[in-house]
Every structure is written in structure tokens, then in C-alpha cells.
């Protein structure tokens, strides 16, 4: 029986594509080692599908998700109002981020343009550090 959650989903994909993999424990983490471009493309599309189910993730995961996006696609703005912004071309990611903000109770706003989307978070920014 496959484990539930993200690890279970990854193991299912590995099994589905009949790929050779190594699964082992390192400290408190489970590590899956796979070499395959096909798997990487499939993993990215499944990760985007998983973003549609943001409502199913716990608060700790959502905070980590937001913190990771701020590290990669965001910036902290210090002025009269302390806020952070996340800019991305993928509207699916911005929509998932917006829903995560709703779940966590963060005040936010989204601005869309042709080439990119930007999401601002206005309160509780300290919770992301």
C-alpha cells in the first residue's frame, strides 16, 4: 500500500513509469533518488495539479510554501506598511498563493498584467520568517 500525501504521489509516479529509484531515510527525511527527464516533466505537471488542492494542506506546509515563493520569486518591502510581494508568470501559482493567504488569514491583493502576476501580502509577514 502506498503512503498518502506527497511521498505517496511520488512513489506512484515512479512505479507508473517503471523507473529505477532509490528510497532511503536521511536523518528525519525520506529521500527518493531518480534519474529521468520524463519523470521530471511529469513531476512538474503533477506539482501544478497539486497546487489546485491547496485547501488540503496544513498551516505549516502553507507557511513553508509561501516562504519558499518569497525566497525565489519575492521581495520584502519596508515602508509605511511592511509587506512582501511575489511575482510570477504562472497564474496557477499566484492563484494557489492567493488561496493559501486566504486560508492563513493574510491580507493580500493580486495584480495581473499580460506577462506576469503580482501578489502582495500586507500583514503577518513575520509568520513567514
Average Cα contact separation per residue, the range 59-128, under 8 Å, 6 or more apart, as relative contact order %: 33 percent
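Please say if the range 66-107 is rounded, prolate or oblate, where rounded means a/c under 1.5 for a ≥ b ≥ c the square roots of the C-alpha gyration tensor eigenvalues, and otherwise the choice is prolate for a/b larger than b/c and oblate otherwise? Each step should come with its number before you reach the end.
Values: a/c = 2.10, a/b = 1.27, b/c = 1.66.
Taking the square roots of the gyration eigenvalues as a ≥ b ≥ c, the range 66-107 is oblate.
Which of rounded, prolate or oblate describes the range 59-128 when judged by the alpha-carbon gyration tensor and an a/c cut-off of 1.5? Don't skip to the end; give the middle numbers.
On the way: a/c = 1.56, a/b = 1.16, b/c = 1.34.
It comes out oblate by the Cα gyration axes.
Assuming 0.36 nm per residue, please report the length gained on full extension of the stretch residue 52 to residue 16 beyond their Cα-Cα distance. Mind dumping the intermediate values first?
Values: separation 36, 0.36 × 36 = 12.96 nm, distance 2.19 nm.
Difference between extended and current length: 10.8 nm.
A short reminder: the numbers here are calculations on the coordinates, not readings from a lab. Fair warning: this is a prediction, and the values are worked out from it, not measured in the lab.
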